[in-house]
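Asks: This structure is in structure tokens; I'll ask about it shortly.
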Amino acid sequence: MNTYEIHCEHACRNACAMLNKALAMETSLAGFYQQLNEECDYPDVKAFLADLMKERRRIIQTIEEKLDAMKVRGEILDDVMSSFDPAGC
């Protein structure tokens, strides 16, 4: 049933392999819709594809924002942990 090889590493900190995979797939899908839209000459279908592309871009932006937030949170945690590191004194 599952056609994708997806395995969570369960070690997310500054990045997430699952979200990076989702980002790559969404980006690929947006490109696919763009190609269809460029090839199509039927107005209703072009409008529908344009809506799909907008939705993909919104999803891509949301994933990128989440990845950025994870990176910032990880950096903050690293800074907090390093402040307690006696070797860093």
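Asks: Test of understanding: in a Gaussian network model of the chain with alpha carbons linked when under 10 Å, which of L67, L77, L49 would top the mean-square fluctuation ranking?
Replies: L77
Asks: Can you tell me the dipole magnitude for the range 17-81 around its Cα centre, using point charges on the Cβ only (Lys, Arg +1; Asp, Glu -1), in Debye to the nearest 20?
Replies: Numbers: 9 positive and 13 negative charges, 29 e Å.
That gives the range 17-81 a dipole magnitude of about 140 debye.
Asks: List the aspartates and glutamates whose Cα lies under 14 Å from the Cα of K21, skipping any in the same chain that are fewer than 8 positions away.
Replies: E5, E9, E64
Asks: Suppose only helical runs count, i.e. DSSP H with n ≥ 4. What mean residue ellipticity at 222 nm does that imply for the chain under -39500 (n - 2.57) per run, divided by all residues and rounded to the nearest 500 deg cm²/dmol?
Replies: -26000 deg cm²/dmol
Asks: Taking GluC sites (Glu not before Pro) as exposed when DSSP calls them loop (any state but H, G, I, E, B) and at most 13 other Cβ atoms lie within 10 Å, what is the longest stretch of the chain free of them, the sites themselves excluded?
Replies: Segment 10-89 is the longest.
Asks: Just in the range 1-71: which chymotrypsin sites (Phe, Trp or Tyr not before Pro) are loop by DSSP and have at most 15 other Cβ atoms within 10 Å?
Replies: In loop regions of the range 1-71 (DSSP not H, G, I, E or B), the sparsely surrounded chymotrypsin sites (Phe, Trp or Tyr not before Pro) are Y4.
Asks: Give, as a single signed number, the net charge of other residues whose beta carbon lies under 14 Å from the beta carbon of Q34, with Lys and Arg counted +1 and Asp and Glu -1.
Replies: -1
Asks: Taking a quarter of the surface of the Cα convex hull of the chain, what do you get in nm²?
Replies: Across all orientations, the chain yields a mean hull projection of 8.3 nm².
Taken together, the values in this text are just the output of simple stated rules run on the coordinates, not laboratory data. Predicted model, so just to flag it, every value in this text is computed and none were measured. For neighbour counting, all protein chains shown are included, and Cβ atoms are generated from backbone atoms with ideal geometry for every residue, glycine included.
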